[in-house]
Amino acid sequence: QAVHVVQHPYWYGLASFVASAQLVYDCMDFHAGFSNNGESHESVETQLLRLADLTIVTSDFLVDFAHKAGAKKVSLIRNAGEFDHFHQATAQVGQIRQAPVIGYYGAIAEWFDPQIIEALSRKFPTAQIELIGDDSAQVQGRLKHCPNVRFHGEKPYAELPQWLQKFDVCLIPFQINPLTLATNPVKVYEYLSAGKPVVGSDLPELAQFGDLVYRAT
């Protein structure tokens, strides 16, 4: 009667060892798209996909990926956001801003596109561009010549609505590559929960939102 839920191919060895259970692989990302994964990892994931009784994915890209790998059964369940938590950001702060705020929160990692931020900095020199998140890609050093771009580091989940409240426009400034083509961004649900305008890279998973999200090349 047991159901084992595996969220990373790393656990294939243990999952394959315990036979008397239903196995669910929660495939949240295109793992092969991360720079720190090798061919052996991809081989193990293929074995996991074929072993699992059910594979859950978050994007159309991953549906195709799982089917091609030989998954037995695939279910598409896209991401979501905690509406009440982020809807708090709709409250009026009662102050007049000196400049419009363009904001982003989330990982500033290998898929983040600093060229977009640099272009926005030049295009809107009177706007303040606020970036919240762990800068594992060392983007801050690459944008130190942009005076209106500020990095605030990683913030607790509980504080994110306070930051979101300050944003006039919310960004999803991702590069276009296999990793992001497979991504259904959680932050778009959170941004929209606060009724904020969202501008993102032209990702397939943002197309489902129609005119609720502005997509750009």
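The values are calculated or read from the model by the stated rules, or taken from the named source; none is laboratory data. These numbers come from a predicted model, not from an experiment. Here the Cβ positions follow ideal geometry from the backbone for every residue, glycine too, while neighbour counts run over all protein chains shown. The protein model used for the area step is the full one, side chains on, heavy atoms only, and it has no ligands, DNA or RNA in it. Shrake-Rupley method; radii C 1.70, N 1.55, O 1.52, S 1.80 Å.
Sort 76-82, 60-66, 15-21 by packing, meaning the average of other beta carbons within 10 Å per residue, with the highest value first. Walk me through the numbers on the way to the answer.
On the way: 76-82: 13.9, 60-66: 19.7, 15-21: 11.0.
Ranked from most to least packed, the peptides come out as 60-66, 76-82, 15-21.
Can you figure out the FRET efficiency of TYR214 with GLN138, using R₀ = 30 Å and their beta-carbon distance, to the nearest 0.05? Numbers along the way, then the final one.
On the way: r = 28 Å, r/R0 = 0.94.
Working from the Cβ atoms, E equals 0.60.
Leaving out ligands, DNA and RNA but keeping every protein chain, what accessible area does LEU120 have, in Å² rounded to the nearest 10, with a 1.4 Å probe?
Its heavy atoms expose roughly 40 Å² to the probe.
Could you give the Stokes-Einstein D for region 90-155 in µm² per second, using the C-alpha Kirkwood radius, 37 °C, 0.692 mPa s?
Values: Rh = 12.6 Å.
Value of D from the Cα-based Kirkwood radius: 261 µm²/s.
Order LYS144, LYS155 by their accessible area, 1.4 angstrom probe, all chains in place, largest first. Write out the running numbers ahead of the final one.
On the way: LYS144 170, LYS155 65 Å².
The ordering from most to least exposed comes out as LYS144, LYS155.
Over 30 Å between Cα atoms, which of LYS72/LYS155; LYS73/LYS155; LYS73/LYS187 qualify? Walk me through the intermediate numbers first.
Details: LYS72/LYS155 40 Å; LYS73/LYS155 38 Å; LYS73/LYS187 28 Å.
From LYS72/LYS155; LYS73/LYS155; LYS73/LYS187, over 30 Å: LYS72/LYS155; LYS73/LYS155.
Once both axes come from the Cα atoms, what is the angle between helix 114-123 and the longest principal axis of the chain, in degrees from 0 to 90, rounded to 10?
20
Can you sort THR58, THR126, THR183, THR217 by 1.4 Å-probe accessible area, starting with the largest?
Working: THR58 5, THR126 105, THR183 30, THR217 165 Å².
Putting THR58, THR126, THR183, THR217 in descending order of accessible area: THR217, THR126, THR183, THR58.
Can you pull the Rg over Rh of region 164-217, Cα-only, Kirkwood?
Working: Rg = 10.6 Å, Rh = 11.2 Å.
Looking at region 164-217, the ratio lands at 0.94.
What percent of all Cα-Cα pairs in the chain falls in each 5 Å bin, counting up from 0?
Answer for the chain: a P(r) of 1, 7, 13, 16, 16, 15, 12, 9, 6, 3, 2, 1, 0 percent.
Place +1 on the Cβ of every Lys and Arg and -1 on the Cβ of every Asp and Glu in region 1-151, take the dipole about the Cα centre, and give the residue among LEU49, ALA109, GLY70 whose Cα lies farthest towards its positive end.
About the Cα centre, the residue reaching furthest to the positive side is ALA109.
Run the dipole for region 64-127 about the Cα centre, Lys and Arg Cβ at +1, Asp and Glu Cβ at -1, nothing else charged, and hand back the magnitude in debye, nearest 20. Kindly include the intermediate steps, with their values, before the conclusion.
Details: 7 positive and 6 negative charges, 44 e Å.
The calculation lands at about 220 debye.
What aspartates and glutamates could a cross-link reach from LYS196, if we take a straight Cα to Cα line under 12 Å and drop same-chain neighbours fewer than 8 places away?
Within the straight-line cut-off, LYS196 pairs with ASP168.
I'd like the antiparallel share, as a percent to the nearest 5, of DSSP beta bridges with both residues in the chain. Could you put the intermediate results ahead of the total?
On the way: 1 of 28 bridges.
Antiparallel bridges: around 5 percent, rounded to the nearest 5.
Using the heavy atoms of the protein chains and a 1.4 angstrom probe, tell me the accessible area per residue for region 131-217 in square angstrom.
On the way: 4170 Å² over 87 residues.
Dividing the accessible area of region 131-217 by its residue count gives 48 Å².
Could you pull the accessible area for GLU190 with a 1.4 Å probe, rounded to 10 Å²?
Roll a 1.4 Å probe over it and GLU190 shows about 20 Å².
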